[in-house]
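Trainee: My questions will all concern the structure given below.
The values are calculated or read from the model by the stated rules, or taken from the named source; none is laboratory data. What you see is a predicted model; the values in this text were computed from it and never measured. As a convention, Cβ positions derive from the backbone with ideal geometry for all residues, glycine included, and neighbour counts pool all protein chains shown.
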Amino acid sequence: MPTGVMMISVCENNPEVDIHFHLVTDTDVSTSQCNDLKELLASYKGKAITFYPIPLNIIDNQFPNIDIRIPRAAYYRLFLSALLPEKVDKVLYFDGDIIVRHSLTELWNTDVSGYALAAVPDMREGVIDRYNRLKYSPSWGYFNSGMLLINLKYWREHHALERFLDCIQKHHAQLVYHDQDVLNDVFHEQKIMLPIKFNFQHGHLWKEPLYDYWKYEQQVLEARKNPVIIHYTGGKPWTKYIKYHNPYSSSFYKYQNLSKWRGIKVDNRSIYTKIRTAVGDVLRWMKIRPTDKNNFIEINPID
């Protein structure tokens, strides 16, 4: 459902552009769900979709040292140069928890010749631990992997998949943010940093930011007014239980209301988590446990 809503937001804001969606799926995605995504594109001119089934065990076989508690799908983006046809030499990668609010033409036209990718600084870029773990200078920065403009031609010519595998085999103990750490480790010198408006993360709305505030202050202030892409890196607006909603959750609901999933919210918590959360809420209500504070700045939603 979130991926479908993201696709609708792309189509609604890029009506005159031919777009081909390449969706990497595994056996957890049913035929019915794939048909839902095909169906939603039927009303949009010039939009097409291709599915790329990937075996669930490919991660275990290729990357034996990864933490299996992490969803394997997080690693699928590392296989794009091998999965997509050779004629596709450039692609925009989006996580499913993204909403597009404007045209993607400016982003797409970014010249990545000679670079592996273009990306946006991560909302925690200023945390020194990342560079200490990956052993490169903070001057190179650290990007978020949820939105990537990928030069697949460069990936193929420079054997990216083999380099990713080598990184995981040699440094798996240092990889905390998994595929994102891998991409930053391998390509920290072969990237272009993009404006924050192209991957506006929930940390850019925190009262106490972890990014380099003085370095990105103007970018963040401008992005808050009118982001091109919103990335729900924290609480997801489609979940039933969430203490503090992203101030821009309204942008998700705007496009969800155009879909067959209008008004639907989900709750994937385990029984244990539900009970633990309920007990915690009661204790907070009784003032036995401190109330969780809202870390978001006060800001009016934009949609």
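Trainee: Checking G203 against (1) of a type in the set (G, A, S); (2) part of a helix (DSSP H, G or I); (3) without any contact (Cβ under 8 Å) to a residue 24 or more places away in the chain, only one condition comes out false. Which one?
Mentor: (3)
Trainee: Looking at M147 and the list (1) more than 16 Å from L80 (Cβ to Cβ); (2) crowded, with 23+ Cβ neighbours inside 10 Å; (3) not aromatic (F, W, Y), which single condition is not satisfied?
Mentor: (1)
Trainee: Within region 217-238, identify whether any single residue is closer than 22 Å to W108 by Cβ, outside any strand (DSSP E or B) and basic (K, R), and answer yes or no.
Mentor: no
Trainee: Okay, moving on. Just to be sure, is Q201 out of contact with any Pro (no Cβ under 7 Å at 6 or more places or on another chain), at pLDDT 95 or above and farther than 30 Å from E157 by Cα?
Mentor: Against the criterion (out of contact with any Pro (no Cβ under 7 Å at 6 or more places or on another chain), at pLDDT 95 or above and farther than 30 Å from E157 by Cα), Q201 qualifies.
Trainee: Among (1) more than 17 Å from Y177 (Cβ to Cβ); (2) at pLDDT 95 or above; (3) of a type in the set (G, A, S), where does A119 come up short?
Mentor: Unmet condition: (1).
Trainee: Here's another thing I want to ask about it. Residue check: is F164 buried (at least 16 other Cβ atoms within 10 Å of the Cβ), at pLDDT 95 or above, closer than 21 Å to L148 by Cα and not aliphatic (A, V, I, L, M)?
Mentor: no
Trainee: Enumerate the pairs (first residue in region 145-172 and under 24 Å from I229 (Cβ atoms) and part of a strand (DSSP E or B); second residue anywhere and among the β-branched types (V, I, T) and modelled with pLDDT under 95) with beta-carbon separation below 7 Å, excluding pairs fewer than 6 apart on the same chain, so at least 6 apart or on different chains.
Mentor: What qualifies is G146/T233.
Trainee: Looking at Q201, Q174, can you tell me which residue is polar (S, T, N, Q) and in contact with a Lys or Arg (Cβ under 6 Å, 6 or more places away or on another chain)?
Mentor: Residue meeting the stated conditions: Q174.
Trainee: Follow-up. Under 6 Å by Cβ, and 6 or more places apart or on different chains, what pairs join a residue from region 13-38 that is touching a residue at least 12 places away in the same chain (Cβ under 8 Å) and part of a helix (DSSP H, G or I) with one that is surrounded by 14 or more Cβ atoms within 10 Å (Cβ to Cβ) and among the aromatic types (F, W, Y)?
Mentor: C34/F51
Trainee: From the set of residues in region 92-110 that are β-branched (V, I, T) and under 14 Å from H231 (Cβ atoms), which is surrounded by the fewest Cβ atoms within 10 Å (Cβ to Cβ)?
Mentor: I98
Trainee: Here's another thing I want to ask about it. Restricting attention to region 82-116, report how many residues are part of a strand (DSSP E or B) and within 30 Å of D303 (Cα to Cα).
Mentor: 7
Trainee: Which of the residues belonging to region 266-303 are in a loop (DSSP other than H, G, I, E, B) and either in contact (Cβ under 8 Å) with a residue 60 or more places away in the chain or of a type in the set (A, V, I, L, M) (or both)?
Mentor: M286, I288, N295, I297, I299, I302, D303
Trainee: Filter region 203-225 down to residues that are surrounded by fewer than 21 Cβ atoms within 10 Å (Cβ to Cβ) and touching a Gly at 6+ places or on another chain (Cβ under 6 Å) and give me whichever is nearest to N151 (Cα to Cα).
Mentor: Going through the qualifying residues, I end up with D212.
Trainee: Which one is surrounded by the fewest Cβ atoms within 10 Å (Cβ to Cβ) among residues in region 125-144 that are in contact with a Pro (Cβ under 9 Å, 6 or more places away or on another chain), assigned to a loop (DSSP other than H, G, I, E, B) and of a type outside the set (G, A, S)?
Mentor: I128
Trainee: Return the only residue of N57, N35, N65 being modelled with pLDDT of 90 or more, more than 21 Å from the chain's Cα centre (by Cα) and over 22 Å from R156 (Cβ atoms).
Mentor: N35
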